[in-house]
Amino acid sequence: MRISRLETFMQRVDERPRLLVRIETDAGIVGWGEAYNHGPDKALSPVIDYLFEQFRNDDPRRVTFINQKLIQQSRFPPGALGLAAIAAIDHALWDIAAKAAGVPVYMLLGGHVRDRVRVYCGVYSAPDPEEAVPAILKLNADYGFTAFKLSPYRRNLYNGRWGALCEEAGNYLGELRRRLPTDFEFCFDAHAKIYEPNQALQLAKALEPHDPLFLEEPIRPEHIPAWGALRQQMGTVPLATGESLYSRYEFLALLNARGADIIQPDICVVGGLTEMRRIADLADAHYVSVAPHNPMGPLATAHNVHFCAAQVNFRFLEYKFAKEAAWAKDPYIPVDGHLDLRPDRPGWGIEIDESGLKQDDYIHWERVMATKPDGSTAYP
């Protein structure tokens, strides 16, 4: 079996652009992958087309061989765009290999170690309790979610006293605890907006009395030693990070610094399932669990389901509903707070409706740059 053709499709899922990759073989087997849109979004397609010339006519079942070749061919370590492109290719190859064998992808990873994958749902803001409580209860009633992620910022974090913002976040979590079932879990995503580690520590201490599930990315990811120092001072609040790290080498540095209780690599960022497994195994050797970053579309969720099914130190998966993704006929939908495996479906277990991809459905999106009161910029 040989790889014969590659196509990319610029689409959107709700308000975000998404790029799908289709790889076809001379045996008629087709594999699908999704790329992470770091931006500039339209730069991804030519990168993928360029990479295709390096593995055209290869056997698609040699997934690790092709993945390694693409990384080595770049000479310098590939960055955000390069690894996102490699990830989409990697996923399409795993899809082909599993379909050729007539099994789900997770069976090629040694089989599943769990029968279903637990998910948590992002509320993605800090709505007032009067709004948040009914929304959370509905997610629980409709889909069985018992874990939820919110923002710790109840207002503009660049205005006013920092200690007051932290106190408001702690009170907010306390109010949710008071109004909602005791078995519900709440995590908070600071989105790497905090520059000073001491401020991140203040926020963690404010949340600590109310038992948060974890605090995610409270500081910038670049300086790994700061994560080790922060983790040592954060008490019982689990520290989570990893969506902005790209390779097993960066994660190894984080783990050696004892800078996280939970790592959050993104399967569409780190170079695909092939690299994701290496990262997770490193974490397992450090007694650190994995909670993949997954704000993507239905295909990326499918990639994650198979990784999570087979990875022993998996904890839970981020889940985002896709309201507009007509090309995904049968996305994984939570039942009882979990995504069920699909053992009777070879490959990723999701059907792509190619008729829904015939028209370019690109939508431009970018983060809104934050501005401080003195006019300087801040991370969005």
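The values are calculated or read from the model by the stated rules, or taken from the named source; none is laboratory data. Bear in mind the structure is a predicted one, so any value in this text is a computation, not a measurement. Ideal geometry is used to build each Cβ from the backbone, glycine not excepted, and the neighbour counts take in all protein chains shown. Surface areas here come from the heavy atoms of the whole protein model, side chains and all, with no ligands, DNA or RNA. Shrake-Rupley method; radii C 1.70, N 1.55, O 1.52, S 1.80 Å.
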Among helices (runs of 4 or more DSSP H) completely within the stretch 5-106, the ones holding 2 or more residues that are surrounded by fewer than 24 Cβ atoms within 10 Å (Cβ to Cβ), at pLDDT 95 or above and not small (Gly, Ala, Ser) are 44-52, 63-73
Among the residues of the stretch 179-186, is any open to solvent by 10 Å² or more (accessible area, probe 1.4 Å), touching a strand residue (DSSP E or B) at 6+ places or on another chain (Cβ under 8 Å) and at pLDDT below 95? no
Checking Ser355 against (1) of a type in the set (Ser, Thr, Tyr); (2) surrounded by 20 or more Cβ atoms within 10 Å (Cβ to Cβ); (3) under 24 Å from Glu24 (Cβ atoms), the condition it does not meet: (2)
Which numbered condition in (1) at pLDDT below 95; (2) open to solvent by 50 Å² or more (accessible area, probe 1.4 Å); (3) in a loop (DSSP other than H, G, I, E, B) is the only one that Ala322 fails? (2)
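Select, from Thr274, Thr236, Thr301, the only residue that is touching a helix residue (DSSP H, G or I) at 6+ places or on another chain (Cβ under 9 Å) and outside any loop (DSSP other than H, G, I, E, B). Working first, answer last.
On the way: Thr236 fails: outside any loop (DSSP other than H, G, I, E, B); Thr301 fails: touching a helix residue (DSSP H, G or I) at 6+ places or on another chain (Cβ under 9 Å).
Selected residue: Thr274, the only one of Thr274, Thr236, Thr301 that is touching a helix residue (DSSP H, G or I) at 6+ places or on another chain (Cβ under 9 Å) and outside any loop (DSSP other than H, G, I, E, B).
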Meets criteria (modelled with pLDDT of 95 or more, out of contact with any Pro (no Cβ under 7 Å at 6 or more places or on another chain) and of a type in the set (A, V, I, L, M, F, W, C)) for Ile219: no
Quick one: in the stretch 227-246, of everything that is open to solvent by less than 30 Å² (accessible area, probe 1.4 Å) and in contact with a Gly (Cβ under 8 Å, 6 or more places away or on another chain), which residue is nearest to Leu83 (Cα to Cα)? Thr241
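Conditions (1) free of Cβ contacts under 8 Å to residues at least 24 places away in the same chain; (2) under 24 Å from the mean Cα position of the chain (by Cα); (3) part of a loop (DSSP other than H, G, I, E, B), marked per residue:
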site	(1), (2), (3)
Asp142	yes, yes, no
Phe145	no, yes, yes
Arg155	yes, no, yes
Asn159	no, no, yes
Cys166	no, no, no
Asn171	yes, no, no
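State which residue is nearest to the chain's Cα centre (by Cα) when the search covers only the stretch 190-221 and only residues that are among the acidic types (Asp, Glu) and either more than 23 Å from Leu139 (Cα to Cα) or open to solvent by 10 Å² or more (accessible area, probe 1.4 Å) (or both). Lay out the reasoning, then the answer.
Residues of the stretch 190-221 among the acidic types (Asp, Glu): 196, 208, 211, 216-217.
Now narrow it down to the ones that are either more than 23 Å from Leu139 (Cα to Cα) or open to solvent by 10 Å² or more (accessible area, probe 1.4 Å) (or both): 196, 208, 211, 217.
Working: Glu196: 25, Glu208: 25, Asp211: 23, Glu217: 13 Å.
Across the stretch 190-221, the extreme among qualifying residues is Glu217.
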I need the full set of residues from the stretch 107-123 which are on the phi > 0 side of the Ramachandran plot and open to solvent by less than 50 Å² (accessible area, probe 1.4 Å), in order please. Gly111
